[in-house]
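Encoded as structure tokens, the structure appears first; notes follow it.
Please treat every number below as a calculation from the coordinates, not as lab data. Everything quoted here is computed from the prediction, not taken from an experiment. Every residue, glycine among them, receives a Cβ derived from its backbone with ideal geometry; neighbour counts consider all protein chains shown.
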There are 2 protein chains.
Amino acid sequence: MHDTLALLRVSYHSARALSSRRIVFPLFSLSRFSPPILDKARARCYHTSHQGKGVLTDSLALLFGGDPMLTPNLSYANLKESYLFRRIAQKTEAYLAAHPGTHLYRMGIGDVSLPLVPAVIEALHRAVEDQSRQSSFHGYMPECGAPFLREAVAEHYRRRGVMLAADEVFVSSGASDELGDLLDLFDRKNRALIMEPAYPAYVDANIMAGREIIHLSSGPDNHFLPLPNETTDADLVYLCSPNNPTGAAYDREQLTRWVQWANEHQALILFDAAYEAFIEEDLPHSIFEIPGASTCAIEICSLSKTAGFTGTRLGYTVISKDLERCGLSLNAMWVRNRTTKTNGISYILQRGGAAVFTEEGQRQVHDNIRVYKENARVLMKALDEAGIRYWGGRNAPYIWMQCPDGMGSWAFFDRLLNEIQVVGTPGEGFGACGVDFFRFSTFGDPADTREAAGRLKSLLKKTE
Amino acid sequence: MHDTLALLRVSYHSARALSSRRIVFPLFSLSRFSPPILDKARARCYHTSHQGKGVLTDSLALLFGGDPMLTPNLSYANLKESYLFRRIAQKTEAYLAAHPGTHLYRMGIGDVSLPLVPAVIEALHRAVEDQSRQSSFHGYMPECGAPFLREAVAEHYRRRGVMLAADEVFVSSGASDELGDLLDLFDRKNRALIMEPAYPAYVDANIMAGREIIHLSSGPDNHFLPLPNETTDADLVYLCSPNNPTGAAYDREQLTRWVQWANEHQALILFDAAYEAFIEEDLPHSIFEIPGASTCAIEICSLSKTAGFTGTRLGYTVISKDLERCGLSLNAMWVRNRTTKTNGISYILQRGGAAVFTEEGQRQVHDNIRVYKENARVLMKALDEAGIRYWGGRNAPYIWMQCPDGMGSWAFFDRLLNEIQVVGTPGEGFGACGVDFFRFSTFGDPADTREAAGRLKSLLKKTE
């Protein structure tokens, strides 16, 4: 038993010395050991691998490959525990337990508060009725999306000057689902560059795939809008604009630099446009407004924030037929993925989604967006009056403020909760470079937002 | 240019000679070549790789790894074109073009024809109403499923004697989606054993992941119910019972053999139970009815056929908290996957799904299933009277018949279409061992099914 472990350890260290990227163990036979010993060796080996930061994971399957034994995706062992929202919930619950009946002003999680608009509700009811009668019943839907919705989205882009064919639009269950699924199109050896602070799932989904991650920090110096330079070196690039959590949004010139860089280096941009409907200045809503983007970018969009679909689920993805790498069309690959791994998106939800793109639907969802924008205005005014530096709010539903007095983001969280009963999101949860910042969501109740803004201003002025 | 290609070719052949499993190229520098030449070399290399049956794909990223350049998942190049349903559609359209106005009896694709039952329709309407009002509006749902639905499914299992906790049930968008997504939990070096004939997506999803596939053929000798023996050697095993396409269903003793084999070998069974609601004999509906299954199986189920949700989309997956491999809990891994890669399933659809598990819902969906079972009875009677051997029909919505006169399945397809205007599915589409067989779906219109059965009987009797 101990010999086995020692052997594993020695092999591990000598192999590591030879290569930091991929280690192949000498295939010594383990079959002479009894199953319980093998199990322990495996557990230990897994432990070593975990501490070895994942470099060993590829080798385990080879090591034990002779035996039929399922190996889980050991990259999952490299994930860090996701504490952010759980820790917020724990702290909030503890406060409420100590102060029963207190009203909290919740401006943390980016969930919407307004119900679905009437045009969508009506379309959903009609679609449910369709499913109740044999004559109008819909069974399996086309895997890449119903033609009526693909065309409605393409037309929505065309109205903004982006020429798309309907079969370049793929209907999805939402941006989160799609950002997870799309990674199947890329080799695991690609290196993923993630602009940070970032939505934590970008990082975790790539850790699950065993990809090397390059963190591209941003901060006040570059207005949270990092750009590529001569040393930028990555295969897959995550850009989110308008950004979650910072609310910063790229302009045309800045996005053009990314598109040019990606085309030059044959890299690929995953462009998360989930917040585009909140843009009010003259900024690109879609990366496809930038010449050259069709050969280097995939755009992921969602109705979650645009039309309050967070709990209803619907989104869309644009992959141009011009996008190729190594002679493979990414559009054709995604068709193949969807036809193999899904049976399409619910007919009922697609009818609801299509209503968003009608004239009436657009008017109604923009009425809702105006409510959230008024929340943003109220909060920005409070921060302005308190002399606090912040980003976002104007073209995004998030406000990203600098914590006062060099306070860390968790300390500021505690202070807001304890002193003014306001709950926000500590910037540290979005990556190390967020440690001095704090995120407010503007999706909350307007009366709560006004009260929270007033309390925030008083607190911050007191701090001065 | 030609030197580069020659060098690639020589390296490829010499590397292949050394190992059939994994090839690492000598890392000669390609940086002295200009980009267009590199592009051509890549294209050629991709071609070679394709013909080399995928063994080269892993090496490409290493070969070009120095350059920032996105490498797509080259395993997609190893997929065969999926001709089955497209070829059926082409032949059918051609027939209709030549015989305008002809009524075709469609008994091919396994899509349901009856609308959603009243209990589900009512629940869907109520849920849409909930989304129309701020007081009852639901935003983000818990990623693993709404507690009300997880509990309803767990209770459904408990009524059949399978003790499950609600957090061992995961709500999904359906079995297809889940069978694709679940593969992320497993290392790519696992070998997947697929009982055939099979649902083509089992094979394709594993090709996409670059997994070695072991085809376990079945036939009349084992009643299309293959069992493990002393030579069975695989990590991941796909079982579908009642089976699509053969309609064969494992009994307790047979499933016990699979469970024992999997536990002994630490393999993992993916058990597709999508057709369990059609079982009428005393056979297991769930693999968890077999002692020991909780430590070696994941069950994937769907409301598509049970309750006509093919176009509405909803399913569920059961992963026991007892299921571990290499010290990792598969249940915990799937929680982590869902919380990273999804934002949950639509509130509206989950309410509709929960209605299926009420007393009223169960009664109504079984009324629909009885309609399909009557279709099966009509078809089986016709085949009995024509003296044709077939499987399924009794515990499954599919009937799998032996083609008459040693006719191949595509020839039989043509004959049915041309002579009696009946459309079915050639067995060859489900794997090579299906070449002598033909699948009928019993989900069609009852009047059409009766007419088709009569025509089929006459044709087959004529053949005698």
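Just tell me how shielded A:184-197 is by partners: mean number of partner chain Cβ atoms within 10 Å of each residue's Cβ, no decimals.
For peptide A:184-197, the averaged partner shielding equals 4.
Give the relative contact order (percent, whole number) for the range A:118-358; include only Cα pairs under 8 Å separated by 6+ residues. Write out the running numbers ahead of the final one.
Numbers: 408 pairs, mean separation 63.4, N = 241.
Across the range A:118-358, relative contact order equals 26 percent.
Residue-wise, which Karplus ³J(HN,Hα) couplings in Hz belong to the range B:370-376, taking 6.51 cos²θ - 1.76 cosθ + 1.60, θ = phi - 60°, and x for glycine or proline?
5, 4, 5, 5, 5, 4, 4
Along the principal axes of its C-alpha atoms, what lengths does the range A:193-261 span, in descending order and rounded to whole Å?
So the extents along the principal axes, rounded to whole Å, are 33, 26, 18.
Need the list of lysines near A:Lys373 for cross-linking: C-alpha distance under 25 angstrom, and skip anything on the same chain fewer than eight residues off.
Qualifying lysines at Cα under 25 Å: A:Lys305, A:Lys381, A:Lys457, A:Lys461.
Please list, ordered by chain and number, the residues whose modelled amide H lies under 5 Å from the amide H of B:Thr425; skip anything fewer than 5 residues away on the same chain.
Under 5 Å from the amide H of B:Thr425: B:Arg439.
Nearest-5 percent of antiparallel DSSP beta bridges in the range A:118-358?
Within the range A:118-358, antiparallel bridges account for around 40 percent of the total.
In peptide A:75-88, what is the residue-averaged number of other protein chain Cβ atoms found within 10 Å of each Cβ?
2
Classify the range B:74-179 as rounded, prolate or oblate from the Cα gyration tensor: take a ≥ b ≥ c as the square roots of its eigenvalues, call it rounded if a/c is under 1.5, otherwise prolate when a/b beats b/c and oblate if not.
Working: a/c = 2.24, a/b = 1.73, b/c = 1.29.
The shape class here is prolate.
Report ³J(HN,Hα) in whole Hz for each residue of the range A:313-325, in order, from the Karplus equation J = 6.51 cos²θ - 1.76 cosθ + 1.60 where θ = phi - 60°; Gly and Pro get x.
6, 5, x, 8, 10, 10, 10, 5, 6, 7, 7, 9, 9
Please average, across the residues of A:125-138, the number of beta carbons from any other chain that are within 10 Å of each residue's own beta carbon, and give a whole number.
On the way: counts 5, 1, 3, 13, 4, 3, 10, 9, 3, 4, 1, 1, 9, 5.
Mean number of neighbouring Cβ atoms from other chains: 5.
Could you order peptides A:96-107, B:156-167, B:229-240, A:345-356 by the average number of other Cβ atoms within 10 Å of their residues, highest first? List each step's numbers first, then the result.
Working: A:96-107: 13.2, B:156-167: 15.0, B:229-240: 19.3, A:345-356: 27.4.
Taking the mean over residues of other Cβ atoms within 10 Å, the ranking is A:345-356, B:229-240, B:156-167, A:96-107.
Please check which bits of the range B:417-451 a label hung off B:His103 would reach, taking the label as a point 7 Å along Cα-to-C-beta and the cut-off as backbone N under 16 Å.
Answer for the range B:417-451: B:420-423, B:444-451.
Around A:Leu193, which amide H atoms from residues at least 5 apart in sequence, or from another chain, sit under 5 Å from its own amide H, with H modelled in the peptide plane?
Amide H neighbours of A:Leu193: A:Ile214, A:Asp235, A:Leu236, A:Val237, A:Tyr238.
Which ³J(HN,Hα) values, rounded to whole Hz and listed in residue order, are derived for the range A:242-254 from phi using the Karplus coefficients 6.51, -1.76 and 1.60 in 6.51 cos²θ - 1.76 cosθ + 1.60 with θ = phi - 60°, glycine and proline given as x?
Per-residue couplings from phi come out as x, 8, 9, x, 7, x, 6, 10, 5, 9, 4, 5, 5 Hz.
List the distances, in nm to one decimal, from the label point of A:Gly219 to the label points of the same position in every other copy, shortest first, placing each label point 7 Å from Cα along the Cα-to-Cβ direction.
7.1
Compute the FRET efficiency between B:Glu419 and B:Asp367 as 1/(1 + (r/R0)^6), taking r as their Cβ-Cβ distance and R0 = 30 Å, and round to the nearest 0.05. Show your work: numbers first, answer last.
Values: r = 35 Å, r/R0 = 1.16.
FRET efficiency, B:Glu419 to B:Asp367: 0.30.
For B:Gly315, enumerate residues with amide H under 5 Å from its amide H, sequence gap 5+ or separate chain, H modeled in the peptide plane.
It is B:Ser172, B:Ser173, B:Gly174, B:Leu303, by chain and number.
Once R0 is set to 22 Å, what does the formula 1/(1 + (r/R0)^6) return for the Cβ-Cβ distance between B:Lys321 and B:Arg160, expressed as a FRET efficiency to the nearest 0.05?
Values: r = 19 Å, r/R0 = 0.88.
E(calc), rounded to 0.05, equals 0.70.
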